[in-house]
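Read-outs: derived from the displayed coordinates by stated rules, not from any lab. These figures come from a predicted structure and were not determined experimentally. Don't worry about glycine lacking a Cβ; one is built from the backbone with ideal geometry, like all the others, and counts go over all protein chains shown.
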Amino acid sequence: PERLELLGFPLDPVSLETALDLLSGWITAAPASGARTPHTVVTLNPEFIMQCRAGGPLTSEFAQAIGKADLVTADGVGIVWAARQLLNTEVPRAPGFDLTVGLMKRHGAELSVFFLGAKPGVAEAAAQKAHEQYGVRVAGVHNGYFGPDDDLRVAELVRDSGADLLLTAMGAARQEIFNEYWREVLNVPVMMGVGGVLDVLAG
Ligand code: UDP
């Protein structure tokens with residue numbers, strides 16, 4: 001479906017199933033080794049738009065990262081409502097949690113996942129649970145509390161992990177900016193900002 005524009009932000013009116021088909025396609029099309037075409041995924045929230053409009057240190061980088069995303073889905077009812085009011089159109093929901101679990105269910109042991117973000121210990125617990133429940137392979141884990149000096153080290157960790165899917169859970173803005181900034185370095189076919197999803201997976 002054709003990309004929409006909501007308050008200056010891109011929005012792809014795709015269903016969960018269609019979004020999963022797209023992401024699966026990007027993952028399976030990527031060769032196991034060598035150069036893999038990177039894609040970024042943003043699950044849009046009203047909070048993201050408010051944060052960008054409010055201004056602040058990360059505003060323009062955040063808006064640019066959203067603008068450059070390969071797929072922008074409606075994370076929840078807030079965006080669905082806004083699209084109805086402002087664009088007079090029905091946009092399906094494709095939340096980050098459902099995309100994450102959907103990919104894990106579809107690919108199981110074929111999927112290698114890097115869990116990046118949340119407080120120390122949470123990414124490990126989320127990875128353990130995801131492996132037990134869906135059989136996914138754990139490419140790597142790292143918490144989301146590191147300074148700018150460690151950005152490159154973490155990016156290299158992800159790159160060397162060979163992950164098919166990077167789940168970046170470092171809070172709105174920071175996670176989207178990280179994925180976009182390191183897009184060409186990480187060599188991961190699907191990078192998605194997932195907010196609190198690691199905390200939920202960890203249980
Ligand atoms: N988080 C992180 N590093 C940070 C800030 C947040 O890893 O510097 C993690 C936090 O532990 C949580 C996730 O990001 O697992 C989402 O955080 P929060 O709900 O505060 O962010 P929001 O998406 O609401 O901005």
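With neighbour counts taken as other beta-carbon atoms within 10 Å, the residues LEU16, LEU103 rank, fewest first, as LEU16, LEU103. Mean-square fluctuations from a GNM of the chain, with a 10 angstrom spring cutoff on Cα atoms, peak among ARG159, ARG84, ARG174 at ARG84. Applying 0.36 nm per residue to the separation of ALA32 and TYR145 and subtracting their alpha-carbon distance, the gain on full extension is 37.7 nm.
For PHE48, neighbours were defined as the other residues whose beta-carbon sits under 13 Å from its Cβ, and their charges (Lys and Arg +1, Asp and Glu -1) total -2.
Summed over qualifying helices (DSSP H, 4 residues or more, each -39500 (n - 2.57)) and divided by its residue number, the chain shows a 222 nm mean residue ellipticity of -14000 deg cm²/dmol. For VAL138, nonlocal amide neighbours, meaning residues 5 or more places apart or on other chains whose placed amide H falls under 5 Å from its own, are VAL113. Straight-line cross-link partners of LYS105 among the lysines, defined as a Cα under 24 Å from its Cα and at least 8 positions apart when in the same chain: LYS129. With contacts taken as Cα pairs under 8 Å at a separation of at least 6 residues, segment 4-202 carries a relative contact order of 27 percent. This model, with +1 at the C-beta of Lys and Arg and -1 at the C-beta of Asp and Glu, gives segment 4-202 a dipole about its Cα centre of some 160 debye. Say R0 is 35 Å: what FRET efficiency, to the nearest 0.05, do VAL185 and GLN85 get from their beta-carbon distance? The computed FRET efficiency comes out at 0.35.
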